[in-house]
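> This is the structure I want to talk about, given as structure tokens.
No value in this document is a laboratory result; all are computed from the given coordinates. Please read these numbers as outputs of a predicted model, since none were measured by experiment. Positions of Cβ are generated from backbone atoms using ideal geometry, with glycine treated the same way; all protein chains shown enter the neighbour counts.
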């Protein structure tokens, strides 16, 4: 096993961030008209390093935040990177162990990325639905 890097290592290996001293980036992040009303957090990553970040009132670097639809973009970037490295292809099926034993074995990565897997999901926000169960009743829906 490879030992974990020290926490004082630069992100993403550790928790340390050397924020940019670029006044143009600071000006944008400090302008509420640019970050938007109710901004919770903005992180700017360039060449694999965090170069700037700001947190809204009541939020900090370690505050868990819901990603909502942004998560799709982040996942697409991760999948694209892993594909570029030749570790997966869009036609991969049987993506998860429990899926290999039933009809979900035929769902491909392309199906998942296009949100056309055929899996049922109730996105209503009333009573107890898939969304409210995910948000309020389950410790980890991953």
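> Between residue 37 and residue 90, take the C-beta separation as r, use R0 = 30 Å, and let me know the FRET efficiency to the nearest 0.05. Let's see the in-between values first.
On the way: r = 38 Å, r/R0 = 1.27.
It comes to 0.20.
> Which percent of the Cα-Cα distances in the stretch 1-61 go past 18 Å?
Numbers: 790 of 1830 pairs.
Here the long-distance tail beyond 18 Å is 43 percent of all Cα pairs in the stretch 1-61.
> Another question, if that's okay. What full-extension length gain, to one decimal in nm, is calculated for residue 122 and residue 24 as 0.36 nm per residue of separation minus the Cα-Cα distance? Before the final figure, lay out the partial values.
Numbers: separation 98, 0.36 × 98 = 35.28 nm, distance 4.32 nm.
The span from residue 122 to residue 24 would gain 31.0 nm if fully extended.
> Kindly state, to the nearest 0.05, the FRET efficiency for residue 131 paired with residue 17, given R0 = 35 Å and r defined as their beta-carbon distance.
Values: r = 32 Å, r/R0 = 0.93.
Computed FRET efficiency for residue 131 and residue 17 comes out at 0.60.
> Here's something else I'd like to know. Counting only C-alpha contacts under 8 Å and six or more residues apart, can you give the relative contact order of the chain as a whole percent?
Working: 117 pairs, mean separation 14.6, N = 142.
Across the chain, relative contact order equals 10 percent.
> Remind me, relative contact order of the stretch 70-137 in percent, using alpha carbon pairs under 8 angstrom and six or more residues apart? The partial results should precede the final answer.
On the way: 44 pairs, mean separation 12.1, N = 68.
Value for the stretch 70-137: 18 percent.
> Further question on the same structure: What are the extents of the Cα atoms of the chain along their three principal axes, listed from largest to smallest and rounded to whole Å?
Principal axes ranked by extent give 54, 44, 27 Å for the Cα atoms.
> Here is a follow-up. On the principal axes of its Cα set, how long, how wide and how thick is the stretch 70-137? Give whole Å, largest value first.
43, 30, 19
> Quick one: if the Förster radius is 41 Å, what FRET efficiency do residue 51 and residue 101 give, using the C-beta to C-beta distance and rounding to 0.05? Before the final figure, lay out the partial values.
On the way: r = 45 Å, r/R0 = 1.11.
My answer for the efficiency is 0.35.
> Once the Cα atoms of helix 70-84 and of the chain are each reduced to a long axis, what angle between those two axes, in degrees from 0 to 90 to the nearest 10, is obtained?
That works out to roughly 80 degrees.
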